[in-house]
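The values are calculated or read from the model by the stated rules, or taken from the named source; none is laboratory data. It should be emphasised that the depicted structure is a prediction, and the values quoted were computed from it without experimental measurement. So basically every Cβ, Gly included, is an ideal-geometry build from the backbone, and we count neighbours across all protein chains shown.
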Amino acid sequence: MLYEEKQRLAAIINSMGSAVIVTYTNGCIQMMNPMAELITGWKQSEAFGKDLVEVVSLIDKDVGEKIENLAIYVMEAGEVLNLPENCTLITKDGEEIAVGDNIAPIRDQNGNIIGAVLVFQDITKRKQTEAQLLHNAFYDGLTELPNRVLFLDRLRQTIERSKRRSDYYFAVLFLDLDGFKKINDRFGHGMGDDFLVAIARRLESCLRGGDTVARFGGDEFTVLLEDIKDISDATNVANRIQDSLRLPVNLNGYQLSTTASIGITWNFSNYEEPATLLRDADIAMYRAKRQGKATYAIF
């Protein structure tokens, strides 16, 4: 009867979609199911009696450290432990796999701890999906530039920094492409999109490493220049952008070029909110448009 019960239990564990590894009280491996063999690259026959750490080599990616024998840890603590958030398994062949789940002490009928059970699964796909969703939330799908949400977040952090340091200056440029609608109307949205991507790369090339250029929407772009000496740093960038935009973009045999109307604000007055700063940059941009486009205006 006991034998049949054990067989049934083994059949259940072996059928599970998660990897299952059972250890003795000394933290050495007693059994592995086929999924555990598949993920770790170890056969149960090779792993039997080996220290858990030797077969399940785990690294906590957040701190970059190897994780000690968790079986010993949970048996001493007497409670279930979840694997760390960014836990990576190094397989027998040295491959890295993102894994997640938990390890728990095993108790007999009398409540005595007789071993530990580690249950885990390969969560690489889930991690990739999460990273993609995060990326989509903060970056523009077309140009791959930061989007409005990320730009406002960086601007808010910069405003906070400027409050702590009296000598900290930054500027925001609000750009609207002149005549982009004509390109869209004449060549269609496909070409218009390709043109915006080319412009995005041009704008990036005009900036320093720590600066941010974002696509704010449509043909509007914003630039955050951090840690500048004075307003001339911002006007120099505005001029550099104009020069860069004048150079034609080659698309499907057509030479397309544009200019931009640029509004500039900087933190000479104590801005509290990103929205106020952007509103002023937007007002300055419309003034530049009225002045005949291809120019900048300072708020």
Quiz item: Quick one: in segment 12-42, which of the residues that are β-branched (Val, Ile, Thr) and under 14 Å from residue 71 (Cβ atoms) is farthest from the chain's Cα centre (by Cα)?
Solution: 25
Self-check item: Residues of segment 154-188 that turn out to be of a type outside the set (Gly, Ala, Ser) and more than 26 Å from residue 288 (Cα to Cα), as a count
Solution: 9
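Residue-by-condition table, conditions (1) free of Cβ contacts under 8 Å to residues at least 24 places away in the same chain; (2) under 18 Å from residue 36 (Cα atoms); (3) surrounded by fewer than 17 Cβ atoms within 10 Å (Cβ to Cβ); (4) among the small types (Gly, Ala, Ser):
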| position | (1), (2), (3), (4) |
| --- | --- |
| 113 | no, no, yes, no |
| 128 | yes, no, yes, no |
| 131 | yes, no, yes, yes |
| 142 | no, no, yes, no |
| 146 | no, no, no, no |
Quiz prompt | helices (runs of 4 or more DSSP H) (entirely within segment 28-145) containing at least 2 residues that are of a type in the set (Ser, Thr, Tyr) | solution = 124-138
Quiz item: Where residues in segment 76-104 are within 19 Å of residue 125 (Cβ to Cβ) and charged (D, E, K, R), which of them is surrounded by the fewest Cβ atoms within 10 Å (Cβ to Cβ)?
Solution: 85
Practice problem: Would you confirm whether any residue within segment 38-50 is among the β-branched types (Val, Ile, Thr) and surrounded by 16 or more Cβ atoms within 10 Å (Cβ to Cβ)? | Solution: yes
Exercise. Among the residues of segment 269-283, count how many are out of contact with any helix residue (DSSP H, G or I) (no Cβ under 6 Å at 6 or more places or on another chain), closer than 13 Å to residue 222 by Cα and either acidic (Asp, Glu) or surrounded by 19 or more Cβ atoms within 10 Å (Cβ to Cβ) (or both).
Key: 5
Quiz prompt | Residues that are touching a Leu at 6+ places or on another chain (Cβ under 6 Å) and hydroxyl-bearing (Ser, Thr, Tyr), drawn from segment 178-223 | solution = 212
Quiz item: Does residue 123 meet the test of being in the same structural domain as residue 270 (by TED's automatic domain parsing), out of contact with any Ser or Thr (no Cβ under 9 Å at 6 or more places or on another chain), among the aliphatic types (A, V, I, L, M) and buried (at least 17 other Cβ atoms within 10 Å of the Cβ)?
Solution: no
Exercise. Report yes if some residue within segment 150-161 is surrounded by 15 or more Cβ atoms within 10 Å (Cβ to Cβ) and assigned to a loop (DSSP other than H, G, I, E, B); otherwise report no.
Key: no
Quiz item: What is the number of the single condition among (1) assigned by TED's automatic domain parsing to the domain that holds residue 171; (2) at pLDDT below 95 that residue 134 does not meet?
Solution: (1)
Quiz item: Consider residue 228 against the criteria (1) β-branched (Val, Ile, Thr); (2) at pLDDT 95 or above; (3) surrounded by fewer than 20 Cβ atoms within 10 Å (Cβ to Cβ): it satisfies all of them except one. Which criterion is unmet?
Solution: (2)
Quiz item: Which residue pairs have Cβ atoms closer than 6 Å, lie 6 or more positions apart in sequence or on different chains, and pair a first residue in segment 155-174 that is closer than 17 Å to residue 280 by Cα with a second residue that is of a type in the set (Gly, Ala, Ser)?
Solution: 171/234; 172/281; 174/263; 174/281
Quiz item: Tally time: how many residues in segment 17-34 are aliphatic (A, V, I, L, M) and free of Cβ contacts under 8 Å to residues at least 24 places away in the same chain?
Solution: 2
Exercise. Report, by residue number, each residue of segment 51-72 that is surrounded by fewer than 16 Cβ atoms within 10 Å (Cβ to Cβ) and of a type outside the set (Asp, Glu).
Key: 61, 63, 64, 66
